[in-house]
Amino acid sequence: MVQQPGDRIEARCSRCSDCTGHIIMAIVNGEIVKVKCCACGSEHKYRPQRVAKKGQEGTAATAVRRIGAGEDRKTVMAEAERPARAPRPAATPRPSAATRKAAQNSAEAEQRWRKSLERPSAPEPRPYSITIELAAGDVVNHPVFGMGVVESVTRPDKAQVLFRDSSRALRCTVV
Ligand SMILES: [Zn+2]
């Protein structure tokens, strides 16, 4: 079968870094000279599909990655489709110093929260309401924030309560 402009062929696309479907745009002396990539739409010189050379047989096999435990299928597929030549971006961007500090602070806060709740002298948790009478050391069970420990109170009606994720100022009755 003789190929002619408008026919579809597989060819290498440098923009896609892959073999993709192309439409033949021009043929000179029976040779395809120009094609248009169906994937990215770029027109370029025809490059035949790369013939596997010695030592490259494994290249195709790596594209068929097994999905490991805990890996999202979509992620794996996206990685498999990514051209091998492009440098793979880091899985997670390096956290900034501020982010690390914040993470450390919240980890410390959670430790503090856990310790306060588990201390032997911790009173029974009481359901939180804005009229609850609180003193430092009390334990409340908040419908949204969960268990919290009263860090301090301010007359007439403020309590600083440490919850698992952060410390919050809540309304209460200070006696
Ligand atoms: Zn392309």
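State yes or no: is Cys40 in contact with a Ser or Thr (Cβ under 9 Å, 6 or more places away or on another chain) and within 15 Å of the ligand (Cβ to nearest atom)?
On the way: in contact with a Ser or Thr (Cβ under 9 Å, 6 or more places away or on another chain): yes; within 15 Å of the ligand (Cβ to nearest atom): yes.
Against the criterion (in contact with a Ser or Thr (Cβ under 9 Å, 6 or more places away or on another chain) and within 15 Å of the ligand (Cβ to nearest atom)), Cys40 qualifies.
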Worksheet item: Is it true that Ser17 is surrounded by 12 or more Cβ atoms within 10 Å (Cβ to Cβ), within 10 Å of the ligand (Cβ to nearest atom) and at positive phi?
Response: yes
Discussion item. Val175 - would you say it is in contact (Cβ under 8 Å) with a residue 40 or more places away in the chain, out of contact with any His (no Cβ under 6 Å at 6 or more places or on another chain) and not basic (Lys, Arg)?
Written reply: yes
Discussion item. Within region 35-44, does at least one residue satisfy the condition of being modelled with pLDDT under 90 and open to solvent by 70 Å² or more (accessible area, probe 1.4 Å)?
Written reply: no
Discussion item. Quick check on my filter: what residues within region 14-52 are under 35 Å from the mean Cα position of the chain (by Cα), assigned to a strand (DSSP E or B) and among the basic types (Lys, Arg)?
Written reply: Lys36
Practice prompt. Determine, yes or no, whether Ala11 is part of a loop (DSSP other than H, G, I, E, B) and either modelled with pLDDT under 85 or surrounded by 10 or more Cβ atoms within 10 Å (Cβ to Cβ) (or both).
Written response: no
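The values are calculated or read from the model by the stated rules, or taken from the named source; none is laboratory data. Computed from a predicted model, the values in this text were never measured in an experiment. Note: ideal-geometry Cβ built from the backbone for every residue, glycine included; neighbour counts use all protein chains shown. When the accessible area is computed, the model is the full protein with side chains, heavy atoms only, and any ligands, DNA or RNA have been set aside. Shrake-Rupley method; radii C 1.70, N 1.55, O 1.52, S 1.80 Å.
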